[in-house]
1. Within the chain, what's the longest stretch lacking trypsin sites (Lys or Arg not before Pro) that sit in DSSP loops with no more than 11 other Cβ atoms inside 10 Å?
2. Which value in deg cm²/dmol, rounded to the nearest 500, describes the helix-derived mean residue ellipticity at 222 nm for the chain, given -39,500 (n - 2.57) per DSSP H run of n ≥ 4 and division by the residue count?
3. Averaged per residue, what accessible area in Å² does region 66-107 show with a 1.4 Å probe, protein chains only?
4. For a quick check: with amide H placed at 1.01 Å from N, whose amide H comes under 5 Å from H19's, ignoring anything fewer than 5 positions away on the same chain?
5. Which of the chymotrypsin sites (Phe, Trp or Tyr not before Pro) found in the chain are loop residues per DSSP with 14 or fewer other Cβ atoms within 10 Å of their Cβ?
6. Mind sorting out which of (i) 37, 23, 23; (ii) 76, 42, 35; (iii) 50, 38, 19 is the real Cα extents along the principal axes in Å computed from the coordinates?
7. For the pair Q43/W89, report the inter-label distance in nm, with labels modelled 7 Å from Cα in the Cβ direction.
8. Per-residue HN-Hα couplings for region 38-52, Karplus 6.51 cos²θ - 1.76 cosθ + 1.60 at θ = phi - 60°, whole Hz, x for Gly and Pro?
Amino acid sequence: MAARRALKAVLVDLSGTLHVEDSAVPSKQEALKRLCRAPVTIQFVTNTTKECKRDLLERLTKLGFDIVENEIFTSLTAAGNLLEQKQVWSLLLVDDKALPDFTGLQG
């Protein structure tokens, strides 16, 4: 029998799992509260490219979710991290609402 390993982290998708547009998925606030009591690291992920983390966090907070900005990792976060790491010139063709996630990059 294989040894059981303790769960160390949980990735929670946002769009369609915790919320759909501006509506919370029923019962997810309570489920998230229970998960937050567990001894695991929680990271919220999404592939949205139309809004910055700050706006996404504001929407989730209004829907009753207790999440902090540094717990959210988006595709914009990944792109910004890569551009910063590679230190390349960037021409950002993104929605204006996404631009705050690229503050400080050359371009």
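1. Working: sites that count: R4, R5, K8, R37.
After excluding every exposed loop site, the longest remaining stretch is 38-107.
2. Computed ellipticity for the chain at 222 nm equals -8500 deg cm²/dmol.
3. On the way: 2990 Å² over 42 residues.
Value for region 66-107: 71 Å² per residue.
4. Sorted by chain and number, the residues that satisfy this are V25.
5. Sparse-neighbourhood loop chymotrypsin sites (Phe, Trp or Tyr not before Pro): W89.
6. (iii)
7. The modelled label-to-label distance comes out at 3.2 nm.
8. Working through the residues one at a time gives 7, x, 9, 7, 10, 10, 9, 10, 7, 9, 5, 10, 9, 8, 6 Hz.
The values are calculated or read from the model by the stated rules, or taken from the named source; none is laboratory data. A quick note: this is a predicted structure, and the numbers were derived from the prediction, not measured. Note: ideal-geometry Cβ built from the backbone for every residue, glycine included; neighbour counts use all protein chains shown. Please note that ligands, DNA and RNA were not included when accessible areas were found on the heavy atoms of the full protein model with its side chains. Shrake-Rupley method; radii C 1.70, N 1.55, O 1.52, S 1.80 Å.
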